[in-house]
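Notes follow the structure.
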Amino acid sequence: ANMTEIVECVPNFSEGRNEAAIEGIAEAIRRTDGCHLLDVDPGPSTNRTVYTFVGSAHAVVEGALNAARAAKQFIDMAKHKGAHPRIGAMDVCPFIPITGITPEECVERCACAFSQRASLELNIPIYLYGVAATVPQRKELDHIRSGEYEGLEEKIKKPEWKPDYGPAEFISHWGASVVGVRKFLIAYNVNLLSTKEQAHRIALNVRTSGRSKEPGRLACCKGLGWYLEEYDVAQVSLNLTDFETTPVHVAYEECSKDAKELNVAVIGSEIVGLVPLKALLMAADYYIEKENLFIVQERQKIRLAVERLGLNSLSKFDPDKKIIESVIIGVERFVSS
């Protein structure tokens, strides 16, 4: 069956305070044919805004180009300060294959197509990362971004840091951009009635990198602990970078196990942003087998997963707004009506 081709694009721009700039970039994406802007998430303290939009490979490349053109008008990196590591105005631009396209096709038709056009038109240096990386040391985003914008002027002169596209020179108003292809990342937080330190301890136990000497228990998992003043809970905050290797329910159960040993209460969990339907169905199947339940309907499986993971604990989990496939179907219905 020929599935609709859907690619998600999640560019991060180094501006989270200036309303006109945040809205100007959003508008550039909105007015692109075939692009559906799903989410705009500005952070004043990080001084950074994350945009989430979907469309065909061709449409998201056009959307990303329009967003970069707008960013060039609004952002001057020479004046940028913020808590989040960054190297450029359009700091990072990942393309994520959702349906009907392979990661390899996504590299060629999205990451490379975008980089070639953007570097030429805007005269900006671009590095490829993730699946699109041309050399091993550029696989990891953090490695390309080390030294940040402030260190780029020296770094970009080094032969080993020649950009994949665009000029090998320091463009002060822009910096450099990192473009690539990655799997869908699930931002997942487990809520605890505990201190920030206890949450962080659990994060160190489970995250892949673990502690300085010993690795953690879960693969494809980044994490730290923090405290949310507005909800009065601590969280183990995780990025699951490959949910088929380390699923949401596994992360939840592992955190719960550690919490129990610390005599700490787990009060549900939270998915930040969107989640693929498959991730919730995998969780449902786990609990169906574990508890020997009989559930066939997809809607009921979703309810079971939401219930067992406690996804309603901080704010209502609305499947129509949180599951990426539902959001896209909703958008398509809206567009074709």
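The values are calculated or read from the model by the stated rules, or taken from the named source; none is laboratory data. Predicted model only: the values in this text are computed from it and were never measured. Note that we place each Cβ from the backbone using ideal geometry, even for glycine, and neighbour counts take in every protein chain shown. We work out accessible area using only protein heavy atoms, side chains counted, and drop any ligands, DNA or RNA first. Shrake-Rupley method; radii C 1.70, N 1.55, O 1.52, S 1.80 Å.
For the reader, a short list of remarks on this structure follows.
- Cα centroid separation, the stretch 193-256 to the stretch 22-58 (Å): 28 Å
- Square roots of five times the Cα gyration tensor eigenvalues for the chain, Å: 34, 25, 18
- About the centre of its Cα atoms, the chain shows a dipole size close to 420 debye [charges on the beta carbon of Lys, Arg (+1) and Asp, Glu (-1) only; nearest 20 debye].
- Counting only Cβ charges, +1 for Lys and Arg and -1 for Asp and Glu, the dipole size of the stretch 5-75 around its Cα centre is about 260 debye.
- Environment charge at residue 97 (Cβ cut-off 11 Å; Lys +1, Arg +1, Asp -1, Glu -1): -1
- Computed per residue of the chain from DSSP H runs no shorter than four, each worth -39500 (n - 2.57), the mean residue ellipticity at 222 nm is -11000 deg cm²/dmol.
- Surrounding net charge for residue 228, when Lys and Arg each add one and Asp and Glu each subtract one, Cβ distance under 13 Å: -3
- Where N is the number of residues in the stretch 16-135, Cα Rg divided by 2.2 N^0.38 Å: 1.03
- Amide H contacts under 5 Å for residue 176: 88, 89, restricted to partners 5 or more places along the chain or on a different chain, H placed in the peptide plane at 1.01 Å from N.
- Checking the Cα-Cα distances for 155/196; 257/301; 257/278; 158/278; 162/196 against a 32 Å cut-off, the pairs over it are 155/196; 158/278; 162/196.
- DSSP-defined beta bridges in the chain - what % are antiparallel, rounded to 5: 80 percent
- The 3J(HN,Hα) values that the Karplus relation (6.51, -1.76, 1.60; θ = phi - 60°) gives for the stretch 287-303 are, in residue order, 6, 4, 6, 4, 9, 6, 9, 10, 9, 10, 5, 4, 4, 6, 4, 4, 4 Hz. Gly and Pro appear as x.
- Of the accessible area of the chain, computed with a 1.4 Å probe over protein heavy atoms only, carbon and sulfur atoms account for 52 percent.
- As a rough guide to protection, the peptides 77-88, 175-186, 92-103 ranked by mean Cβ packing within 10 Å, highest first, stand as 175-186, 92-103, 77-88.
- Table column - 3J(HN,Hα) (Hz), the stretch 103-118, Karplus curve with 6.51, -1.76, 1.60, x for Gly and Pro: x, 5, 5, 5, 4, 5, 7, 10, 4, 6, 4, 5, 4, 4, 6, 5
- Near residue 211: Cβ cut-off under 12 Å, other residues only, Lys/Arg at +1 and Asp/Glu at -1. The net charge is +3.
- Using the Karplus relation 6.51 cos²θ - 1.76 cosθ + 1.60 with θ = phi - 60°, the per-residue 3J(HN,Hα) values for the stretch 266-271 come to 8, 10, x, 8, 9, 9 Hz, with x marking Gly and Pro.
- Protection proxy ranking for 256-269, 121-134, using the average of other Cβ atoms within 10 Å per residue and placing the highest first: 121-134, 256-269.
- Residue-normalised accessible area of the chain, given per residue in Å² at a 1.4 Å probe: 48 Å²
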